[in-house]
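One structure is given here, and the rest of the page talks about it.
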């Protein structure tokens, strides 16, 4: 098919093309026979070279990229042709683009190019894909088809590869033999992925790879503290997912891997929206409203590894096959709904409509507690603590089965931390301001829940440290920081005589455990340096506050709650401090945001009232929380905070995880009595 020229520039090129033929070819075929063979060959070579230059000029001009180098233009053309071919060849209408092999070859031999077009380290492609599976897949996003991700990685669209590199480069310390992009180059790949994906959207070429890249960029932006850009990517992903009708199960038949990744992409968008603390405004709970038309849940490990299961767990594993919604990822998806409610509760400082007290059934507190209580009936029992012999899990077991243990550990921390936040003493104090008759039963309930679930989080932190588990999700650090703020407050709560209780001393130790855990992760997420520094400053401020105010019973507390919420607010948690390079804001001068002032220091904050205590006797002692020791006996069937159980009542060694626990001890710590 002959090219058509419509513009003046095209006509000029056409004229040049004809002139080349006129000058390069002989006047007549008869005359050609008289030309000497060497001269004829020279003219043919000149013609070939001239035609190649003219054709390349035509391509550059028609693509609107005459200023590009010819090599870059050819590379971009090959990528676009490959993408278009994939679109037409995929039965479902959505395909994964193929990176041309010639492009791979170019990348493997060239040096790092400009930030606009960073070189893909093809020689390390397999290692990068394996690192993603090990430390990013299902931690927390179930984005890709796991079985063939490594083999298909080099054939995925360029922006997906860029985004994976940006995410995986954070864990380059896990590879000793293969050179990977440095932490300093990580942002270059993220920026390139952003430019490519935004170009696809602007030009109307949205593919499944576009949505996958948006998910990866959302997670990467959150971890880097780029909250605005992360929110933009997340919102774009949600809009495009519903516009492409990924929220409905596809009736088309085609490549099973593509169909599976469509489902995974949809649930990853939902998970990001809820895990990062933003509700499903205008969309509603996707899990609660699930119908036969909702996409199937992504497949995941349905049972813990047999070697780490209790006898009850092994029996359950041999029962009829579990459904896909009974996998560990379904647990994370369900917990993310409650997590989203808890984060909204935090941002609103626990405030409810019409100012109802927290013990009212219409309060935000009560509604969120109800959601947590309902989890017990909605989640598969297979993943509960009583089915697992946690003391039998070695470091090797954890690393070999990260696809199960990483989501399982996250589910435990999310569950317990959600209840810790609901009963956080600062949030409870804010809600009882102006209440003249505070429900004593409510105070007893919050005190018990606070002690019980903070000790469980510390319990798992000690386990993670003892097993040297490589944490690849900053939500683990967030959970530790939340509990650290609670334990820090509890460590300064004194009795009427101004002396600290045993519980306060234990809280101080738990605070140190959480702080040490956060420090151990700051190499992966530099923003955690700010969190650790904030906790240490908060400890110093609380020490002064205790001396001046808290030790005096009956007085209100003058406390700076902004220091607490700079940690509790998940949207601010990953914000880097001044010592970390912060990417330039996405806003121009007309929209440059003026930083909002911190929450003002609260003065005369009404402290939590004392719970009426029973008179002490030789056999019964009463703690600050108002929970008597005889009520904590195991013969009563009441569950204990993990530290109380391990540190005394059963006479267990303080080196719990080194000595191990037997199956009976593990089974005794069944969480079914308190929900999930």
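The values are calculated or read from the model by the stated rules, or taken from the named source; none is laboratory data. None of the values given here were measured: they were computed from a predicted structure. Neighbour counts are summed over all protein chains in view; Cβ atoms, including those assigned to glycine, are modelled from backbone coordinates with ideal geometry.
Structural remarks
- Between 257, 262, 205, the distinction of being closer than 17 Å to residue 160 by Cβ and modelled with pLDDT under 90 belongs to 257 only.
- Yes/no for residue 152 being over 25 Å from residue 273 (Cβ atoms) and part of a helix (DSSP H, G or I): yes
- Any hit, region 160-177, residues being buried (at least 17 other Cβ atoms within 10 Å of the Cβ) and either not assigned by TED's automatic domain parsing to the domain that holds residue 121 or not in a helix (DSSP H, G or I) (or both): no
- Restricting region 427-442 to residues that are surrounded by 21 or more Cβ atoms within 10 Å (Cβ to Cβ) and in contact with a helix residue (DSSP H, G or I) (Cβ under 8 Å, 6 or more places away or on another chain), the residue that is nearest to residue 372 (Cα to Cα): 427
- Any hit, region 178-191, residues being touching a helix residue (DSSP H, G or I) at 6+ places or on another chain (Cβ under 8 Å), surrounded by fewer than 15 Cβ atoms within 10 Å (Cβ to Cβ) and within 27 Å of residue 270 (Cβ to Cβ): no
- Any chance residue 596 is modelled with pLDDT under 90 and within 24 Å of residue 452 (Cβ to Cβ): no
- Of the criteria (1) touching a residue at least 60 places away in the same chain (Cβ under 8 Å); (2) part of a helix (DSSP H, G or I), which one residue 241 fails: (1)
- Of all residues making up region 521-541, the number that are surrounded by fewer than 17 Cβ atoms within 10 Å (Cβ to Cβ) and in contact (Cβ under 8 Å) with a residue 40 or more places away in the chain: 2
- Scanning region 536-549 finds one or more residues that are at pLDDT 85 or above, closer than 28 Å to residue 341 by Cβ and in the same structural domain as residue 461 (by TED's automatic domain parsing).
Yes or no, residue by residue, for (1) touching a residue at least 60 places away in the same chain (Cβ under 8 Å); (2) within 21 Å of residue 257 (Cβ to Cβ):
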site	(1), (2)
136	yes, yes
140	yes, no
148	yes, yes
153	no, yes
159	no, yes
171	yes, no
175	no, no
186	no, no
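- Scanning region 226-265 for residues that are surrounded by fewer than 23 Cβ atoms within 10 Å (Cβ to Cβ) and within 14 Å of the chain's Cα centre (by Cα) turns up 227, 230, 231, 234.
- Test: residue in region 155-166 that is over 22 Å from residue 269 (Cβ atoms) and within 19 Å of the chain's Cα centre (by Cα): no
- Checking each residue in region 192-214 for being part of a helix (DSSP H, G or I) and either surrounded by fewer than 17 Cβ atoms within 10 Å (Cβ to Cβ) or not assigned by TED's automatic domain parsing to the domain that holds residue 226 (or both) picks out 195, 199, 201, 202.
- Within region 343-366, the only residue that satisfies the criterion of being in a helix (DSSP H, G or I), at pLDDT 90 or above and either in contact with a strand residue (DSSP E or B) (Cβ under 7 Å, 6 or more places away or on another chain) or loosely packed, with under 15 Cβ neighbours inside 10 Å (or both) is 344.
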